[in-house]
1. If r is the Cβ-Cβ distance from residue B:59 to residue B:32 and R0 is 35 Å, what FRET efficiency results, to the nearest 0.05?
2. Can you work out D for region B:45-86 in µm² s⁻¹ from Stokes-Einstein, where Rh is the Kirkwood radius over C-alpha pairs, the temperature is 20 °C and the viscosity is 1.002 mPa s?
3. Rg/Rh for region A:1-122: what does it come to with C-alpha atoms and Rh from Kirkwood?
4. Could you point to the residue in A:107, A:190, A:147 farthest towards the positive end of chain A's charge dipole, with +1 and -1 charges on the Cβ of Lys/Arg and Asp/Glu respectively?
5. How shielded is B:121-129 by partner chains, expressed as the average number of their Cβ atoms within 10 Å of its Cβ atoms?
6. I'd like to verify something in chain A: which complete DSSP H helices, judged by Cα projection on the helix axis, reach 15 Å or more and average at least -0.5 on the Kyte-Doolittle scale?
7. Quick check on region B:93-210: what does the Kirkwood estimate of hydrodynamic radius come out to from the alpha carbon pairs, in Å?
8. For region B:26-34, in order, what is each residue's ³J(HN,Hα) by Karplus, 6.51 cos²θ - 1.76 cosθ + 1.60 with θ = phi - 60°, in whole Hz (x at glycine and Pro)?
Amino acid sequence: MVDYIKFSPDVARDWKSVQSAVRGDTYRHCARRVEDASTSSQLRSKLWIIEEVSNLDIKVDRVALLAGWYANFIVPLLIDELGASFIHNFEIDQDVKQLSYKFNKRYKEEEKYKCYIVDVMFEPIWNFMKQGASGFDLVINTSCEHMFPMHKFLKINRGFLDNPLYVLQSTDDDQYDDHINCVNSPEELAEQANLVDVLYSGTKVLDNGMNRFMVIGK
Amino acid sequence: MTNTILCMKWGDKYDQIYVEKLKEQCEQNCSVPFNFYCLTDKPTQPYDIQIPTTLDNYYHKKRGFFWAYRKIHMFNDLVEGNQFLFLDLDVIIHQDLKYFFDLDMEKPWIVRGWWNDLATVKNNYSKNKSTPLNSSVIRWNKGQMKSVYNHVKKNAEIIFFTYPSLDNYMAHHWYDPWSEEEGFLQGLPKGDVYSWYKGNIHPDDMSKKVLREDHKICLFNNSTHTEGNYDEEIKNLW
């Protein structure tokens with residue numbers, strides 16, 4: 001069981017650079033969001049992924065993160081705990097891209113982490129892959145409540161992603177304006193993605209009181 | 001080159017007086033010839049053109065997302081003309097509209113809400129809030145906005161689900177708050193258009209409910225305005 005993140009000197013250096021950045025003019029407006037991305041609830045929901053993927057004994061190599069935000073917790077967990085060889089984050093926010101590179105500078109320099117600006121509901125992510133490159137074997141979306149149901153993503157990327165395993169998270173907490181696609185259960189989340197082979201399905205109440213649903217499947 | 005001024009009216013909240021008043025303002029404030037049309041769901045006047053209903057099925061009234069979607073139809077060559085200027089019904093025109101027909105048209109123009117704090121715009125970008133654009137005034141040449149119409153038509157289900165407003169959609173797909181020079185749309189410069197309820201230019205000139213007659217147009221946009229919710233303060237200023 002993995003119940004913590006490894007806080008090595010390299011991690012400390014990279015995270016410190018984000019703290020410095022959000023004190024400066026360019027990224028000051030991001031300070032609150034960086035805080036929001038660093039809560040115990042955020043960490044717990046990412047540790048949950050690592051735990052359940054480990055329990056399923058799935059080998060993780062190439063990972064696509066959809067709307068992965070700063071990817072501050074999930075990237076080190078996937079690389080350090082599950083041995084992922086590279087992670088590509090598909091985001092829409094330029095500030096997020098730049099700060100995610102600071103959070104993950106050590107991995108970016110080793111070409112293990114890359115962030116692309118794209119809305120994954122409008123454009124296939126394989127458009128961003130080099131010709132002849134391998135696809136992804138794991139697709140993670142922990143932001144399903146913020147976007148159109150995942151069946152659209154599967155449709156526009158069908159046949160190009162090496163039949164990946166999907167890890168999806170969402171919630172029934174509809175008090176926020178930007179939670180435009182809440183679901184009532186993990187079953188509904190799996191249905192939205194047309195998953196036919198569900199390997200894991202569960203619910204967790206996070207420290208902030210939010211119900212979090214997760215499904216893993218194809 | 002034919003100059004065309006367009007407005008739109010649907011539903012019952014804006015009465016015909018708004019259209020007549022806008023037409024009158026255009027006639028008083030445009031020194032070049034122009035044709036005037038109103039795209040409407042209930043044509044009654046010689047200048048009225050029926051709004052198509054082809055996107056109506058995508059709109060969920062209870063949800064209210066993308067509620068100004070009918071504006072998209074005006075980009076589909078519905079109206080004759082070469083140079084188009086769209087104006088919302090709730091605007092006050094201060095200066096000669098010839099200015100808009102003389103603009104360099106390398107890219108279409110839209111209101112850049114200079115009253116917005118760009119830091120807030122960026123911060124709320126992924127939440128689909130605090131859009132820097134406002135579709136109350138749009139200037140384009142024939143065919144120039146067709147790609148916007150086609151994009152909405154092709155992706156209607158997702159767009160109606162995702163974006164609270166047309167302005168927000170425009171800001172995400174046709175504009176870039178991080179590189180404002182590089183978007184498909186360009187924002188009208190500071191000093192052209194201001195907002196009665198929100199101010200003019202952040203942070204230096206944010207006084208609200210002030211007429212600035214050296215500017216071209218005053219908007220009456222308000223964050224509390226959603227479909228079917230308008231006030232009539234503009235009538236006191238006509």
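1. 0.45
2. 177 µm²/s
3. Ratio value, two decimals: 0.95.
4. Result: A:107.
5. Across B:121-129, the average partner-chain Cβ count within 10 Å equals 6.
6. A:40-55
7. Computed over region B:93-210, the radius equals 15.1 Å.
8. Whole-Hz 3J(HN,Hα) from phi for region B:26-34: 5, 4, 7, 10, 9, 8, 10, x, 8.
Here, each number is a calculation from the coordinates, and none is a lab measurement. From a predicted model like this one, the values you see are computed outputs, not experimental measurements. Every residue, glycine as well, gets a Cβ built from its backbone with ideal geometry; the counts of neighbours run over all protein chains shown.
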